Every structure is written in structure tokens, then in C-alpha cells.
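A short write-up of the structure that comes next.
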Amino acid sequence: MRIAIQANNNASSQAARQKLIKGLKQANFEVDVPHPEVVITIGGDGTLLSAFHRYAAVLDEVRFIGVHTGHLGFYTDWRDYETDELIAALKRDSGESTSYPLLDVLVDYEDGTTAHFLALNEATLKGTSGTMRTDVYVKENFFESFRGDGLCVATPTGSTAYSKSNGGAVIHPRLAALQMTEIASINNRVFRTLAAPMILAPDEWVSLRPEPFQEYVMSIDQFTAKPAMINAIRFKVASEKIRFASYRHMHFWDRVEDAFIGEKKPDAL
């Protein structure tokens with residue numbers, strides 16, 4: 001098996017990386033190859049997001065494994081002190097995986113060029129100089145004229161991130177849906193929006209058509225760019241999926257409880 005390892009710069013992550021490389025080589029795995037079958041990330045969810053974008057063009061060829069060196073993340077199933085157990089699981093590997101849906105983003109610029117992105121968590125569009133003004137379409141049908149700070153479109157796993165902080169629902173990743181949440185929308189006698197999260201079916205898409213002569217900041221997961229003038233952005237559920245090697249995969253709602261509630265379990269009846 002060909003394995004690539006990506007770690008953040010924290011001392012604990014680098015130490016775990018060296019230990020894992022040594023153990024994998026002793027177990028006769030090919031390590032840090034340019035075309036891996038498995039990508040192991042060491043750090044947290046941010047490290048895994050970075051690795052996802054690095055290998056986004058070959059998602060059908062790789063599976064991911066997350067090792068965390070801090071708090072439990074939504075994409076990390078192993079701890080840094082469990083390298084021996086992880087290597088043993090890799091030895092027993094039979095190709096099992098768990099898939100999560102992704103967000104497909106197509107940007108149409110006013111100069112006639114286009115750009116295509118995949119997001120694991122979410123994509124956002126925000127104004128940088130005052131209120132952002134954009135028309136919102138569901139499929140090809142006009143839905144509303146939005147006025148506010150911005151809009152966030154998230155995947156089910158991304159529903160636990162920035163989307164949740166904007167009042168979005170938490171969506172189980174087996175639902176191949178996307179969710180749009182408003183960021184500080186303006187609602188008064190002149191401007192009206194839905195003022196609630198929208199959850200779209202897998203065969204639907206949402207498009208934003210901003211009013212001209214505005215400045216924006218667009219983000220795809222944790223990567224931010226100040227784009228050229230935008231004619232339209234289309235968001236839909238991607239045909240691609242990310243796959244995780246499912247030797248050990250915590251139940252989604254257990255992750256949610258651990259991340260946001262963490263209370264003592266009630267005594268058994």
C-alpha cells in the first residue's frame with residue numbers, strides 16, 4: 001500500500017509523523033509517495049482540509065485517515081499515541097471506506113473566464129465594502145434579493161462548522177444535501193429575505209448573481225481569495241465524494257455530542 005503523510009507544524013504532530021513513518025517502513029509500506037492510495041493527516045481538521053484540497057483531483061484514487069494531536073475533530077478518528085494500532089489496522093486493510101458528500105462550486109467571472117472548486121466544508125461570499133447585494137436563484141428560478149454581510153453554502157459535514165455559527169441546522173452526512181445560511185441579512189420594509197437556513201435536495205442547485213461593481217471575498221473551506229468581478233456562482237452537490245478508511249469511524253451524532261455538548265451521560269434506567 002502506498003501511503004502519504006501530511007502533518008501540521010506543531011511539535012506533537014511532527015513527532016507523531018516521524019514515529020508513524022518509522023513504523024510504516026518497518027511494516028513494509030511505501031511511505032510519502034507522490035501517488036498514494038491512503039493519505040494520513042496528523043494535526044486536526046484544518047490539516048485534513050489542506051490535504052483534501054491537495055488531492056482533490058484524485059479523490060477516486062485515495063482514502064483519508066485523520067490523526068488528531070489536540071481536541072477530537074470531525075474528520076479525525078485516531079489519536080497521536082495510537083500509531084501502533086493504526087499500523088495494525090492498515091495491515092488488515094480490505095479497502096473499506098465511508099464516503100461524505102462534497103460541494104461543487106462553479107464561478108463565472110465577468111471577463112468570460114470560469115473557475116471550478118470543490119469544498120469539503122463550505123463556500124462563502126462576503127462583501128468587503130459595505131452591504132453585499134445579490135440575487136438568489138434556486139435552480140433557474142428567482143428566489144430572493146439578498147442584502148447583508150454574505151452567504152454561506154455548506155455540505156452536511158460542513159454544517160457543524162461556519163454554517164452552524166450562522167444558525168444553520170446540523171445535517172447527517174448520509175443526506176447528500178447542501179445548506180445555505182445567511183450572514184447578517186438585512187430585513188426591513190425595503191429588503192426581505194427568507195431569514196432562515198435553506199436545505200436543498202441533491203438534484204437542486206443555488207446560484208448567486210451579485211449586483212455589479214461590488215468587492216467580494218470568496219472562501220472555499222479555509223482558503224480565502226479576493227476574486228475578480230463575478231457574474232454568477234453556482235453551488236450544487238458534487239458528483240465526487242471524499243472517502244475515509246473506516247477501520248474505526250465514530251458515529252456522527254457521537255461526534256456532534258462530543259464537540260458541542262460533552263455532558264455526562266445519564267445513568268442507565
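Summary table below
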{"item": "Residue identified as under 30 Å from V38 (Cα atoms) and either touching an Asp or Glu at 6+ places or on another chain (Cβ under 7 Å) or buried (at least 18 other Cβ atoms within 10 Å of the Cβ) (or both) among A232, A245, A195, A259", "result": "A245"}
{"item": "Condition met for T181 (over 16 Å from I230 (Cβ atoms), in the same structural domain as P202 (by TED's automatic domain parsing) and β-branched (V, I, T))", "result": "yes"}
{"item": "Lone qualifier among G66, G70, G46 - being crowded, with 22+ Cβ neighbours inside 10 Å and in the same structural domain as S13 (by TED's automatic domain parsing)", "result": "G66"}
{"item": "Given (1) in contact with a Ser or Thr (Cβ under 6 Å, 6 or more places away or on another chain); (2) surrounded by 15 or more Cβ atoms within 10 Å (Cβ to Cβ); (3) not β-branched (V, I, T), index of the condition E215 fails", "result": "(2)"}
{"item": "Within region 23-82, tally of residues that are assigned to a strand (DSSP E or B), more than 24 Å from E257 (Cβ to Cβ), under 19 Å from the mean Cα position of the chain (by Cα) and hydrophobic (A, V, I, L, M, F, W, C)", "result": "4"}
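One line per residue, one yes/no per condition, for (1) in a loop (DSSP other than H, G, I, E, B); (2) more than 18 Å from the chain's Cα centre (by Cα); (3) of a type outside the set (F, W, Y); (4) at pLDDT below 95:
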position: A123; (1), (2), (3), (4): no, no, yes, no
position: V136; (1), (2), (3), (4): no, yes, yes, no
position: F143; (1), (2), (3), (4): no, yes, no, no
position: F146; (1), (2), (3), (4): no, yes, no, no
position: G150; (1), (2), (3), (4): no, yes, yes, no
position: L194; (1), (2), (3), (4): yes, yes, yes, yes
position: L208; (1), (2), (3), (4): no, yes, yes, no
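The values are calculated or read from the model by the stated rules, or taken from the named source; none is laboratory data. It should be emphasised that the depicted structure is a prediction, and the values quoted were computed from it without experimental measurement. Quick reminder, even Gly has a Cβ in these numbers, built from the backbone with ideal geometry, and neighbours come from all protein chains shown.
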